[in-house]
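Here is the structure we will look at, set down as structure tokens.
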Amino acid sequence: MKRIVFATNNAHKLAEVKAVLGNDFELVTLKEVGITEDIPETGETLDENASIKARYVYERTGLDCFADDTGLEVVALGGAPGVHSARYATDGHDFAANNAKLLREMEGKTDRRARFRTVISLIRSGVEEQVEGIVEGHIATTMSGSEGFGYDPLFIPEGYDISFAEMSADQKNAISHRGRAVEALKGVIKR
Ligand code: ITT
């Protein structure tokens with residue numbers, strides 16, 4: 001089994017990635033390698049932030065690792081909240097406040113197209129590679145569902161009439177930005 005550090009403090013992400021990666025990998029958490037502080041996400045793009053997080057871990061541990069950075073990109077908002085998705089409404093990761101702000105910003109908007117994009121930076125033996133996963137969809141006018149996390153109650157993926165928060169973990173993973181990025185990651189790791 002391959003051991004690899006996943007640089008995240010988000011337990012929801014960890015569960016999703018574990019489910020897609022399967023049993024060929026032993027995912028090691030930040031806590032398990034002694035990193036308890038928040039890794040500063042100072043980049044201006046998802047690509048930069050994924051890279052910053054992965055490099056932070058590699059520089060401190062020398063272990064193979066990967067990090068994901070994800071953003072919700074809404075067409076009518078010029079791509080916002082994008083790289084600022086975690087801190088859209090407040091300084092913290094307040095999902096309820098973020099969703100409330102998104103609904104306010106989308107009031108009266110007829111173009112509700114949006115996409116989730118995940119970028120994963122993988123570092124193995126010091127060599128960095130990036131993969132990404134995208135899911136297209138739209139922003140609902142009301143929240144629905146209680147599964148998942150973040151903006152899931154407001155995101156309706158293309159071809160569906162239910163939100164990510166109304167889907168089972170397996171259903172979301174099969175079509176989601178993160179599910180697709182992790183499938184691509186698997187392809188790179190197995191090469
Ligand atoms: P780490 O940096 O510790 O991995 P984070 O929660 O800060 O965790 P991101 O910066 O990648 O993660 O994500 C930014 C925000 O985007 C996150 O706080 C959620 O609000 C939202 N988000 C990310 N993935 C999502 C998903 O699959 N479904 C719904 N919202 C998501």
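The values are calculated or read from the model by the stated rules, or taken from the named source; none is laboratory data. Because the structure is predicted, anything quoted here is derived from the model rather than measured. Cβ placement follows ideal geometry from the backbone for every residue including glycine, while neighbour counts extend to all protein chains displayed.
Looking at this structure, is Glu132 modelled with pLDDT of 95 or more, buried (at least 16 other Cβ atoms within 10 Å of the Cβ) and among the charged types (D, E, K, R)?
Yes: the conditions hold for Glu132.
Is the stretch 72-80 home to any residue that is modelled with pLDDT of 95 or more, in a helix (DSSP H, G or I), under 16 Å from the mean Cα position of the chain (by Cα) and not hydrophobic (A, V, I, L, M, F, W, C)?
Scanning the stretch 72-80, I find no residue that is modelled with pLDDT of 95 or more, in a helix (DSSP H, G or I), under 16 Å from the mean Cα position of the chain (by Cα) and not hydrophobic (A, V, I, L, M, F, W, C), so the answer is no.
Among the helices (runs of 4 or more DSSP H) confined wholly to the stretch 84-190, which include 2 or more residues that are away from the ligand (no atom under 14 Å from the Cβ) and over 30 Å from Gly62 (Cβ atoms)?
Fully inside the stretch 84-190 and qualifying: 95-105.
Could you list, in sequence order, the residues of the stretch 42-51 that are out of contact with any Lys or Arg (no Cβ under 7 Å at 6 or more places or on another chain) and within 15 Å of Thr118 (Cβ to Cβ)?
Gly43, Thr45, Asp47, Glu48, Asn49, Ala50, Ser51
Being within 10 Å of the ligand (Cβ to nearest atom) and farther than 20 Å from Gly137 by Cα is true for just one of Leu21, Leu27, Leu14, Leu46. Which residue is that?
Criteria check complete, one pass: Leu14.
Quick one: which of Ser176, Ser146, Ser168, Ser163 is more than 26 Å from Glu41 (Cα to Cα), modelled with pLDDT of 95 or more and crowded, with 21+ Cβ neighbours inside 10 Å?
Ser163
Does at least one position in the stretch 42-55 carry a residue that is assigned to a helix (DSSP H, G or I), basic (Lys, Arg) and either under 18 Å from the mean Cα position of the chain (by Cα) or at pLDDT 95 or above (or both)?
yes
Are any residues in the stretch 1-28 under 17 Å from Ala50 (Cβ atoms) and β-branched (Val, Ile, Thr), and if so, which ones?
Answer for the stretch 1-28, where residues must be under 17 Å from Ala50 (Cβ atoms) and β-branched (Val, Ile, Thr): Ile4, Val5, Thr8, Val17, Val20.
Among what's in the stretch 1-31 and is loosely packed, with under 15 Cβ neighbours inside 10 Å and assigned to a loop (DSSP other than H, G, I, E, B), pick the residue that is modelled with the highest pLDDT.
Thr29
Looking at the stretch 122-152 only, could you name the residues that are closer than 17 Å to Pro81 by Cβ and over 15 Å from the mean Cα position of the chain (by Cα)?
Correct list: Gly137, His138, Ile139, Ala140, Met143.
Take the residues of the stretch 94-111 that are in contact (Cβ under 8 Å) with a residue 12 or more places away in the chain and charged (D, E, K, R): which is farthest from Gly78 (Cα to Cα)?
Looking at residues that are in contact (Cβ under 8 Å) with a residue 12 or more places away in the chain and charged (D, E, K, R), I get Lys101.
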